[in-house]
Every structure is written in C-alpha cells, then in structure tokens.
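K.L.:
Handing you a structure now.
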Amino acid sequence: MNLVVNHWKSGGANADEYRCAIETQRMAQVVARMAADPPFVLMGDVNADVRDGAPTPSVFTAEPTADLPTDFVTGADIRAQFLSGGLPNDPFPTLANLARMLDAQQVDGNYATRPSSGRRLVEILGMAVGVVRI
C-alpha cells in the first residue's frame, strides 16, 4: 500500500490559491508514478470544501503579481502549463480524475472537519489493486 499525505496551502488570496494549485499538480505527479503500483491512498487537508466550486480565477495563466514569498520559484513545468490552457485553480476535478474520493468521517461520525460550519476540509482518495477504482 502506498500512502501519501499532504497539507495543502490555506488562505483565500490569489497567491495562496496559486500555491495550493501547484500542490495539487505535484500530488497528481506523485499519483502518476504510483498508478502502476496500486493500491494507494491520498489523504490530507485540502483546505477547501468540494461543495465550494472553483475559486476565482478558475485557471492561473501567470504567477500572481503579489504576496508570493520572495524566495518562491515556479517550476518550469508549471510555467509551461500557462501556455497550454493554464493551471486549474480547483483541486477536486484534478484529484477526482486520479482516484475516487472517499468520505472522510471523523471518529464521532461527523463528516465535517469544522463541525460549527459544516465544512469538509479533509479528503481521502484511493485506488485499489489493479486499475479498478474503489
């Protein structure tokens, strides 16, 4: 079993969402390497709720002009995506194309990560042995 855990960047500023979008792409790259050797489980705090829909902008076609850390470097592969349709700014469609989303239920039976708001910020995805989605 391959287990990958990630904590996506949180925050609503464009720079934060941009960094989250890059983390989603990096997770997709990890899954592409693991797809030949299932089973695997991806899990983590996506810091977004699947019911929210895509943030604005829905696609990044350039780095945000403000608020990135001064030492932040966008990889050449991400810059290349700017020229071929852009970098999607919604982790869920990208992740759902890789594996099946599973309900992340808390020990108390609640699906919400933040019970006071009902928001679900933690997601688990998996693929079973072979190439059959679970």
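K.L.:
Tell me, which residue of the range 10-51 that is among the charged types (D, E, K, R) and surrounded by 19 or more Cβ atoms within 10 Å (Cβ to Cβ) is nearest to N89 (Cα to Cα)?
P.N.:
By that ranking, first place goes to E17.
K.L.:
Something else now. For the range 1-39, how many residues meet the condition of being β-branched (V, I, T) and not in a strand (DSSP E or B)?
P.N.:
4
K.L.:
Tell me whether the range 77-86 contains one or more residues that are aromatic (F, W, Y), part of a helix (DSSP H, G or I) and surrounded by 16 or more Cβ atoms within 10 Å (Cβ to Cβ).
P.N.:
No, the range 77-86 has no match at all.
K.L.:
Just need a number here: residues in the range 83-103 that are modelled with pLDDT of 80 or more and farther than 21 Å from K9 by Cα.
P.N.:
Within the range 83-103, residues that are modelled with pLDDT of 80 or more and farther than 21 Å from K9 by Cα number 3.
K.L.:
Continuing with this model, one more query. Hey, any hits in the range 40-62 for a residue that's assigned to a strand (DSSP E or B), under 16 Å from L87 (Cα atoms) and out of contact with any His (no Cβ under 6 Å at 6 or more places or on another chain)?
P.N.:
Yes, because at least one residue in the range 40-62 is assigned to a strand (DSSP E or B), under 16 Å from L87 (Cα atoms) and out of contact with any His (no Cβ under 6 Å at 6 or more places or on another chain).
The values are calculated or read from the model by the stated rules, or taken from the named source; none is laboratory data. If you're wondering where the values come from, they're calculated on a predicted model, not measured in any experiment. Cβ coordinates were reconstructed from backbone atoms using ideal geometry, including for glycine residues, and neighbour counts include every protein chain displayed.
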